[in-house]
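The values are calculated or read from the model by the stated rules, or taken from the named source; none is laboratory data. This structure is a prediction, so every number in the text was calculated from the model and none was measured. Ideal geometry is used to build each Cβ from the backbone, glycine not excepted, and the neighbour counts take in all protein chains shown. Note: areas computed on protein heavy atoms with side chains; ligands, DNA, RNA excluded. Shrake-Rupley method; radii C 1.70, N 1.55, O 1.52, S 1.80 Å.
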Amino acid sequence: MDISPYVGGRAAIDGHQQVIRLASNESALGPSPRAIAAYGAESDSLHRYPDGGATDLRDALGELHKLDSTRIVCGAGSDELLQLLTKSYAGPGDEVLYSQHGFLVYALAALAAGATPVSAPETNCHSDVDALLAHVSDKTRIVFLANPNNPTGSYISRAELRRLWGALPENILLVIDAAYAEFVMADDYEAGVELVEAGRNVVMTRTFSKIYGLASLRLGWCYGSEEVIDVINRVRGPFNNTGPALAAGLAAIKDQDHIDTARRHNDKWLRRLNQELPKIGIEVLPSVCNFLLLRFAEDGAHSSKAADAFLTGRGILARNVDNYHLPDCLRVSIGLDHEMDALLSALKEFVA
Ligand SMILES: Cc1ncc(COP(=O)(O)O)c(C=O)c1O
């Protein structure tokens, strides 16, 4: 009963037929047309159980990312894998560590497993390796690091990630949650594959919900050592991915042109909003993801609450991030061109 249920982003506004949904970090462009076709083609075999081993999808992921596909497990979103990892490696009396503004699911998964969530302070909304290490105790079993992180949009470099792993005792599992990896253009970023190859105590989680635009189908995957993958395969449900999700995921990864287009679209709007919003006095936290954290005044007419209400009145849904201890901020996803134009003009009007 200590768990406050996870509340997703709003999807509707009373009195508005059409809303601009920028509250859940969904894909702006949606999935590849090939994924939609593959999903549709599955309608003939809905009476069949899916391949519980997700073999074709794992093989395709292995080929795309140059990974050993026997060390991949697919899940119903990466959320399921985060939950399974926590349930497998932490329990009553154990601690699960993450950073101050880290993705909410880590604390919820820890509580659900009976473990104690522990958070380490961040520096300027960036995960702080020294602070994380300072909060490691002999009870710590898992360290979760969203890299890049939601909702801050920040990331730590390959060198910092390696420093974190290098200083962690070997009996602590480092889970690198790279849900937004495909959006990151920075040269010093590494999604986690190198560390998984280097250590038995590292797992990288990924998702089809973000750049692949398949959030509704619930499809994610993780890559880890033989031992960890063996455990996850024992505790997961035998058919934890649906046939339509597996088929759509497979078609989606074979259309990397679509992913490149999505990445370019995202980059264009990250740059544009980074240029335009500070000009009208709205602070933008640097982001490498498909969303931005905007900082407003602490209170009064230009507060985040006032901005949220104003945007809602214009049919635009942003995300309140109070539960991430960021009460003066709003998070907005990168949407389509016309949605971003509408966001910019609404924010200009709000500030004026
Ligand atoms: C950092 C992070 N990790 C994991 C997820 C879970 O994604 P999914 O379960 O859709 O794969 C999200 C979703 O917003 C996220 O922001």
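Of everything listed in (1) within 22 Å of residue 113 (Cβ to Cβ); (2) touching a helix residue (DSSP H, G or I) at 6+ places or on another chain (Cβ under 7 Å); (3) assigned to a loop (DSSP other than H, G, I, E, B), the single unmet condition for residue 169 is (2). For segment 167-181, the tally of residues that are surrounded by 19 or more Cβ atoms within 10 Å (Cβ to Cβ) and not aliphatic (A, V, I, L, M) stands at 2. For segment 1-60, the set of residues classified as among the acidic types (Asp, Glu) and over 27 Å from residue 237 (Cβ atoms) consists of 14 only. Checked against (1) among the polar types (S, T, N, Q); (2) farther than 28 Å from residue 94 by Cα; (3) not in a loop (DSSP other than H, G, I, E, B), residue 233 passes all but a single condition, namely (2). Six or more apart or on different chains, Cβ under 8 Å: which pairs go from a residue in segment 70-81 that's more than 13 Å from residue 249 (Cβ to Cβ) to one that's hydroxyl-bearing (Ser, Thr, Tyr) and surrounded by 21 or more Cβ atoms within 10 Å (Cβ to Cβ)? Could you list them? As it stands, the answer is 71/223; 81/205, since those pairs meet every condition given. Of all residues in segment 188-213, those satisfying the criterion of being within 25 Å of residue 35 (Cα to Cα) and either of a type in the set (Val, Ile, Thr) or more than 16 Å from the ligand (Cβ to nearest atom) (or both) are 205, 207, 211.
Among all residues of segment 220-235, there is none that is free of Cβ contacts under 8 Å to residues at least 40 places away in the same chain and in contact with a helix residue (DSSP H, G or I) (Cβ under 7 Å, 6 or more places away or on another chain). Do we find a residue being farther than 30 Å from residue 119 by Cβ and assigned to a helix (DSSP H, G or I) anywhere in segment 278-301? Checking segment 278-301: at least one residue is farther than 30 Å from residue 119 by Cβ and assigned to a helix (DSSP H, G or I). If the condition is being of a type in the set (A, V, I, L, M, F, W, C) and within 20 Å of residue 149 (Cα to Cα), then segment 249-287 contributes 262, 269, 270, 273, 284, 285. Note on segment 12-41: among residues that are among the hydrophobic types (A, V, I, L, M, F, W, C) and part of a helix (DSSP H, G or I), the one that is least open to solvent (accessible area, probe 1.4 Å) is 35. Within segment 138-155, if we keep just the residues that are open to solvent by 40 Å² or more (accessible area, probe 1.4 Å) and in contact (Cβ under 8 Å) with a residue 12 or more places away in the chain, the residue that is farthest from the ligand (Cβ to nearest atom) turns out to be 139.
In the set 96, 118, 105, 129, only one residue is open to solvent by less than 20 Å² (accessible area, probe 1.4 Å), within 29 Å of residue 9 (Cβ to Cβ) and either in contact with a strand residue (DSSP E or B) (Cβ under 7 Å, 6 or more places away or on another chain) or away from the ligand (no atom under 14 Å from the Cβ) (or both); that residue is 96. If you go through segment 323-342 and keep only what is within 20 Å of the chain's Cα centre (by Cα), loosely packed, with under 15 Cβ neighbours inside 10 Å and modelled with pLDDT of 95 or more, you end up with just 336.
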